[in-house]
């Protein structure tokens, strides 16, 4: 991962190349051995062919870029694994690069006349970006669970605590519940600190055949299971009978079934935390705690580095920074390697998730 900033002063291509070269060096793999390059974006990144060409990969390198946001953060691992399983590629380079603060900002939408499609029904009522949309879902979720902003504060406070020892994190200062209460609202119930960082930066990782991985980087984690899917809910408020449902309500059980695992097998979880309430919702959906108990679960320290299921040990998107979720996947890899700045004792199984409203993805990584 590159250094995360609020103003990089660099192009997305420069950021992408730095992260990709660092990932290849970490994997002890030369760029000419890369035979596939994948990325995802929202028209805010470096083109995949430009990255592949600049790295010096071959003319037959399989390249593809997925138009999409956070829902791709975990499922792109499945796309890479599928290429390898099909024999199309042996070594796949994945990256995400963006100037998410100084360039195109996902948290904002232009106010314009003559909006068509769904926008004509939402823009006039103040839904100018994702935070306004998901604040409505968050408000309903808190109401139905009997939860409160105290529970949101617990998520953010713990996120900041995990980021304290992370030199890559943008937010590295002490944080209290009073600090949470003092933060201004963006859209109730979400305050500024309940929303993920807007960052400039890039992250990259390498997926390769297990035999190649064991010779190049012994002890590398394995992709064990990946699921992508969703349905009606937070993404389709004009149609959904339940506005609180996010992707994890749909894919948690299929993921465990695919992995042959249960919630008790998860040692660390890197949960996509674009907004603080998403951590609470995913804890319940993935079976880490009972419905309605996630707030107390976090407040009791069960998601801390010494808790039952340590969550977002890098500080997550709320505190480390925002590379559209791929930085959370990198932290899962560090944990399974034993290389994190907030390392837990010998984790063997890591859960990574990718949020896109009521559609998303999740992956389980394991130590070999």
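Here, each number is a calculation from the coordinates, and none is a lab measurement. None of these values were measured; they are calculated from a predicted model. Counting neighbours? That spans all protein chains shown, and the Cβs are built from the backbone with ideal geometry, glycine included.
Extension gain, residue 209-residue 258: 0.36 nm per intervening residue step, less the Cα-Cα distance, totals 15.6 nm.
Where the centroid of each part is defined by its Cα atoms, how far is segment 139-190 from segment 296-312 in Å? When both Cα centres are located, 14 Å separates them. Shape verdict for segment 1-143, please, from the Cα gyration tensor: rounded (a/c under 1.5), prolate (a/b greater than b/c) or oblate. Verdict is prolate for segment 1-143.
Helix 149-163 and the longest principal axis of the C-alpha atoms of the chain enclose an angle of approximately 30°. Rg of the Cα atoms in segment 104-260, relative to 2.2 N^0.38 Å, amounts to 1.32. Each peptide in 273-282, 223-232, 22-31, 201-210 receives the mean, over its residues, of other Cβ atoms within 10 Å, and ordering these scores from highest gives 273-282, 201-210, 223-232, 22-31. Here the extension length gained between residue 44 and residue 82 equals 11.1 nm, from 0.36 nm per residue of separation less the Cα-Cα distance. Extension gain, residue 67 to residue 54, is 2.5 nm, computed as 0.36 nm per intervening residue step minus the present C-alpha separation.
From least to most packed, judged by other beta carbons within 10 angstrom and beginning with the fewest, 195, 289, 20 follow the order 289, 195, 20. A Stokes-Einstein calculation at 25 °C with viscosity 0.890 mPa s, built on the Kirkwood radius of segment 1-70 over Cα pairs, returns a diffusion coefficient of 192 µm²/s. Each 5 Å bin from 0 upward holds the following percent of the Cα-Cα pairs of segment 212-368: 2, 10, 19, 22, 22, 14, 6, 3, 1, 0, 0. Size of segment 221-303 from its Cα atoms: along the principal axes, largest to smallest, the extents are 40, 31, 21 Å.
The share of alpha-carbon pairs in segment 140-227 lying farther apart than 17 Å comes to 65%. Comparing 70, 233, 295 in a Gaussian network model of the chain (Cα springs below 10 Å), the most mobile by mean-square fluctuation is 233.
The angle between the Cα long axis of helix 276-285 and the main principal axis of the chain comes to about 80°, on a 0 to 90 degree scale.
Against the chain, whose longest principal axis is taken from its Cα atoms, helix 326-337 shows a tilt of about 70°. Given the alternatives [x] 23.4; [y] 20.5; [z] 22.8, Kirkwood radius over Cα pairs in Å as computed for this entry is given by [y].
From the alpha carbon centroid of segment 226-245 to that of segment 34-103 is 27 Å.
Measuring r between the beta carbons of residue 232 and residue 348 and using R0 = 41 Å, the FRET efficiency lands at 0.70. By the count of neighbouring beta-carbon atoms within 10 Å, fewest first, 272, 250 end up ordered 250, 272.
In segment 296-340, one over the average inverse separation of all distinct C-alpha pairs is 11.0 Å, which is the Kirkwood hydrodynamic radius.
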